[in-house]
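The values are calculated or read from the model by the stated rules, or taken from the named source; none is laboratory data. Given the structure is predicted, the values throughout are model-derived calculations rather than measurements. Glycine gets a Cβ as well: all are built from the backbone with ideal geometry, and neighbour counts include every protein chain shown.
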Amino acid sequence: MPVPLAEALYVEAARYRLVAKAESQNGNWGFVDTEETMLPRTIFLSRLLGLYSVLVGLAMVAHRQATIETIRAMVHNGPALYISGVIALAAGLAMVLGHNVWKGGVLPVVVTLVGWLSLIKGLVILFLSAELERGSILGGYYEQRFYLNAAIAIIVGGYLTYAGFMAKAR
């Protein structure tokens, strides 16, 4: 293969977060996925979502009863439920449209999953708000799983924060 073609392939592959290997041991061309650097958007969203999750999780634990009462009141308040669904849907759509990355390591995939979960949560709230208001979906289990919910928020948030601040931008 001529050298100019090899350089063109390398440049094109780098655009898609791949690095072209000049030749592998068997003489074939191959591509290697790089995880050394992250997209700046991945790093920003990881830091934002991570810090948000850790702080909200800690606030939940610090004010357990107030959090439970707020969630209970919100579930039984149609307009508040609707607004939270719209906000979750908008946040989820923004993350899915701006960061739908399923390659490149664990961090970009976790950020993408958080976006999809937020989108799905917003849709569920908007389309099943009557069932939520009646309590048929949550069924009062929020209080029983309170510490599990807080722990998940803190652990996932801790990972996102740590990985976001340790990652190198390209």
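Below is a table of values for the structure above.
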item	result
Residues within the range 35-64 that are assigned to a helix (DSSP H, G or I), loosely packed, with under 13 Cβ neighbours inside 10 Å and modelled with pLDDT under 95, tallied	1
Condition met for Y82 (at pLDDT 90 or above, touching a Gly at 6+ places or on another chain (Cβ under 8 Å) and either in the same structural domain as G122 (by TED's automatic domain parsing) or not in a helix (DSSP H, G or I) (or both))	no
Any chance Q144 is surrounded by fewer than 13 Cβ atoms within 10 Å (Cβ to Cβ), of a type in the set (S, T, N, Q) and assigned to a helix (DSSP H, G or I)	no
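Residue-by-condition table, conditions (1) more than 23 Å from L160 (Cβ to Cβ); (2) exposed (fewer than 15 other Cβ atoms within 10 Å of the Cβ):
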position: A66; (1), (2): yes, yes
position: A91; (1), (2): no, no
position: L97; (1), (2): no, yes
position: G104; (1), (2): no, no
position: L107; (1), (2): no, no
